[in-house]
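Following: one structure in structure tokens, then a few remarks.
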């Protein structure tokens, strides 16, 4: 990786991350392509969050109301929740806004895969943490160009950590990496020293590590969607406490009883618990150019668990080539094969009968059946499509596809009974996380229609065939129609979000003060 700093495993990496965040804000120079991609991810996340609030989803609404009950009189200790000009405590703005952007599970995803460096830990992560940057910029009177660069830095830290340490392997939640990046960049924006950022990271790791119990169980809860928000709230509190003088743990990555060396010991036997010892990995962080973690992150082209994207792409391709499959009674059996962890996470037998939205959007059979139901209801979307891009747009899964009425739709449930979900075995597993190796086979009239192996579906960073921007524009429009009032100029509001670089420091306090529709009754 060119233009990178290397935090070696025998160094104090928490201190190094703090220094990187400070240096990046001072002299980091990401390319225009990096800035543009980050801006798209940010716009995507905000529209997801605003639409979740418009439909009065539980956790975002509750946490927004909670934030508004924590007013702040000090402009330098104040931030703003979506759709409000009331000053609130920054950590409360962060927890509310981050919960909103994550609620639909429809914004960006990383897979922790960097084969050029041999960093292929394959940890998940999502672009849920941009509200941290906006809150800090609102506190310090910083402009949109600074905010966008800070978002690049935050994604760089959490994305590179995801490449070198797999939290899910040890049943720890993936939001840990994002919380560490949040503490670092928030601190740097507020003028913290590298040593202060080091201690804030140490505090978070020592006190607030979340487990994947958040995502386990037959029917998932609000904790799944709010995990990033709650952990980031803790990270911001850690940074604020250190700035007031709290002394937190130092050199946490080499601490023998912190998660890194506890789960991946770098000394053996009786030596394990000694203070001496390296962390389990080297960490590479880019300062300029094109080679940033965000360039390998993936867009979700609708509301679905990212592990299902290969199956959706395979289905769309089969329907485009074989529209007769949509005739009544044509489909007899459907078999999906995929890799671990997709098979274990969204193929879990408990997900065969989802009864909450949080479970439905983590059910492979429900997600694919919903798209197929929409195709059967609108066959012209297939027969009149000029390309698969048009089908993605016409069948895009939106929040109403995960409403209670949709979850128990008899047509969807009937299709779910036709599905079999199988583990593809070592051949599939070996191809992840380079791609999303998935295949789908449909049996109809004594024939089998096979998608073949799908590796890079539309939205994947290595997909080269889809009209990504065109599909995203369609998604933004649909989310905007939910998020904004009926009389709003949706296109202009979306354009304002996308033009973050032009936001002045004077206008930053009102950047998230957007009109939000009131469409209660979704939950």
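Quick notes on this one:
- Two-site FRET efficiency, residue 26 against residue 76, from Cβ-Cβ distance with R₀ of 22 Å, rounded to 0.05: 0.60
- A simple spin-label model places the labels of residue 10 and residue 320 5.3 nm from each other, with each point 7 Å out along Cα-to-Cβ.
- Across every direction, the projection of the convex hull enclosing the Cα atoms of the stretch 146-262 has a mean area of 7.5 nm².
- In terms of surrounding Cβ atoms within a 10 Å radius of their Cβ, 438, 120, 327 rank from fewest to most as 327, 120, 438.
- Principal-axis tilt of helix 364-377 within the chain, Cα atoms, nearest 10 degrees: 50
- Each peptide in 317-326, 65-74, 173-182 receives the mean, over its residues, of other Cβ atoms within 10 Å, and ordering these scores from highest gives 173-182, 317-326, 65-74.
- Convex hull (Cα only) mean projected area of the stretch 427-495, reported in nm² to one decimal: 7.8
- Cut-off 15 Å (backbone N to label point 7 Å along Cα→Cβ of residue 330), residues of the stretch 385-414: 385
- Here the stretch 297-357 has an Rg and Dmax of 13.6, 39 Å, counting Cα atoms alone.
- Cα-based convex hull, the stretch 59-161, per residue volume (Å³, whole number): 103
- Tensor-based shape of the stretch 306-458 (alpha-carbon gyration tensor, a/c under 1.5 rounded, otherwise prolate or oblate): rounded
- Relative packing of peptides 366-373, 381-388, 256-263, 286-293 - highest average C-beta neighbours within 10 Å first: 366-373, 286-293, 256-263, 381-388
- Reducing the stretch 101-144 and the stretch 417-496 to their Cα centroids gives an inter-centroid distance of 20 Å.
- Counting Cα-Cα pairs of the stretch 1-47 in 5 Å increments starting at 0 gives whole-percent bin shares of 5, 17, 17, 20, 18, 14, 8, 2, 0.
- Compared with the dominant principal axis of the Cα atoms in the chain, helix 222-243 is inclined by about 10°.
- When the alpha carbon coordinates of the stretch 21-98 are projected onto the principal axes, the ranges are 39, 31, 17 Å, largest first.
- Kirkwood estimate for the stretch 376-494, i.e. one over the average of 1/r between Cα atoms, Å: 17.4
- Length gained when the stretch residue 241-residue 489 is fully extended (0.36 nm per residue, less Cα-Cα span): 85.1 nm
- Compared with the rule-of-thumb size 2.2 N^0.38 Å for a compact globular protein, the stretch 387-448 has a Cα radius of gyration ratio of 1.47.
- Shape metrics for the stretch 282-332, restricted to C-alpha atoms - Rg then Dmax, Å: 18.6, 56
- Principal-axis tilt of helix 32-54 within the chain, Cα atoms, nearest 10 degrees: 70
- Pairwise Cα distances in the stretch 4-296 exceed 25 Å for 42 percent of all pairs.
- Scattering from the chain was approximated by placing one identical point on each alpha carbon and applying the Debye formula without solvent; log10 I(q)/I(0) at 0.13 1/Å stands at -1.27.
- The stretch 233-374: radius of gyration over Cα atoms, expressed as a fraction of 2.2 N^0.38 Å: 1.62
- Dimensions of the stretch 217-306 based on its C-alpha atoms, expressed as ranges along the principal axes with the largest first, amount to 50, 37, 33 Å.
- Spatial separation of Cα centroids for the stretch 22-97 and the stretch 289-309, in angstrom: 20
- Interatomic Cα distance distribution for the stretch 479-523, bins of 10 angstrom, percent: 25, 47, 24, 4
Laboratory data are not the source of any read-out in this text; all were calculated from the coordinates shown. As the structure is a prediction and not an experimental result, all values here were calculated from the model. All Cβ positions, glycine included, derive from the backbone under ideal geometry; neighbour counts span all protein chains shown.
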